[in-house]
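Here's the structure we're looking at; comments come further down.
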Amino acid sequence: MDHYALIGHPVKHSKSPLIHAAFARQTQQELSYQALLAPLDGFSDTVEIFRAGGGRGANITVPFKIEACSLASRLTGRARLAGSVNTLTFIDGDIVGDNTDGVGLVRDLLVNLGYQLTGRNILLLGAGGAARGVLFPLLQTRPISLTIANRTVKHAHELRAAFAPYAGQTAFTAGGFDDIVGWDFDVIINATSASLDKEPLPLPADIFAPDALVYDMMYGSGDTPFLSWARMAGVTRLSDGLGMLVEQAAESFALWRGVRPRSASVLSRLRHKLAPKD
Ligand code: ATR
């Protein structure tokens, strides 16, 4: 049997073992997938012990995605651009680092939510690791415009500058939350970690185009604070990041096993499991 793992800190509440077990059953692949808690100062040791014990690959989560980038002996182009790695594959002597978060987000938007991105105006909130990880695949969908807005304006400008060579015909801009006053967006994606603190973002309430989709890369049981804010502002198309989680897992699974699982049924079962009970 081939062994895989999720390595992070914490990992206890992760849904990844459930998702990969469901993919394995569905595609009749014999594999194990476990959650491995790495000490904060022991990421590379944890990877090495797992690999030496016959591990074939691992997903990497908070707070090790950047460290995984340096640990990899080879990086895919999208991992290099993202500056972070969420998927390691052990091939002979090599540790190959990839990043499937961005394609996971785009697949969730396009396939699961059926929302076309080409020709749309996208607002990406945040300029940290999560935002960096999804920028390249978002630009590849050829939106009319992509705007990065962030609390620290300098971070937004730095991120824009790093990805400007890949913008093509897209009007690609960056600024602070005040700079988007009076603008309309079709797709608004929260890639900040603000939901974790339950602090509302200081955003103007009139930034939604008709039929706008508001997406939070976080997920939980019921609306995240960001989605509650958008709902209060009258938006009806809302999604949390559970579909992104399932899609990035499907992409990792396909990389490792050479077979793409059908994600829709896994997503709907997970959604049902997470639904608030009254
Ligand atoms: P991650 O890997 O989750 O992206 P990160 O790299 O630390 O984590 O980035 C966190 C992002 O959330 C940043 O864009 C941060 O804004 P700053 O660049 O100004 O720090 C944003 N963020 C975190 N807490 C926030 C808050 N309370 N309000 C607004 N933005 C916040």
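For Arg237, nonlocal amide neighbours, meaning residues 5 or more places apart or on other chains whose placed amide H falls under 5 Å from its own, are Val214. With semi-axes defined as the square roots of five times the eigenvalues of the C-alpha gyration tensor, the equivalent ellipsoid of region 1-79 measures 21, 15, 13 Å, largest first. Short to long, the 5 Å bins of the Cα pair-distance histogram for the chain hold 1, 6, 13, 17, 19, 16, 13, 9, 5, 2, 0, 0 percent of all pairs. Scaling against 2.2 N^0.38 Å puts the C-alpha radius of gyration of region 88-157 at 1.32.
Dipole check for the chain: with +1 at the C-beta of Lys and Arg, -1 at the C-beta of Asp and Glu, and the Cα centre as origin, the magnitude is about 580 Debye.
Normalising by the residue count of region 130-189, find the relative contact order in percent from Cα pairs under 8 Å and 6+ residues apart. Result for region 130-189 is 39 percent. Give the carbon-plus-sulfur fraction of the accessible surface of region 1-80 in %, rounded to a whole number; probe 1.4 Å, heavy atoms of protein chains only. With neighbouring chains kept in place, the figure for region 1-80 is 55 percent. Mean projection of the Cα convex hull over all viewing directions, computed for region 138-278: 10.4 nm².
Projected over all directions and averaged, the alpha-carbon convex hull of region 181-246 occupies 4.3 nm². Region 220-248 and region 110-168 have their alpha-carbon centroids 18 Å apart.
The values are calculated or read from the model by the stated rules, or taken from the named source; none is laboratory data. Computed from a predicted model, the values in this text were never measured in an experiment. Methodologically, a virtual Cβ is constructed for each residue, glycine included, from the backbone with ideal geometry; neighbour enumeration extends over all protein chains shown. Just the protein is used for accessible areas: all its heavy atoms, side chains included, with ligands, DNA and RNA removed. Shrake-Rupley method; radii C 1.70, N 1.55, O 1.52, S 1.80 Å.
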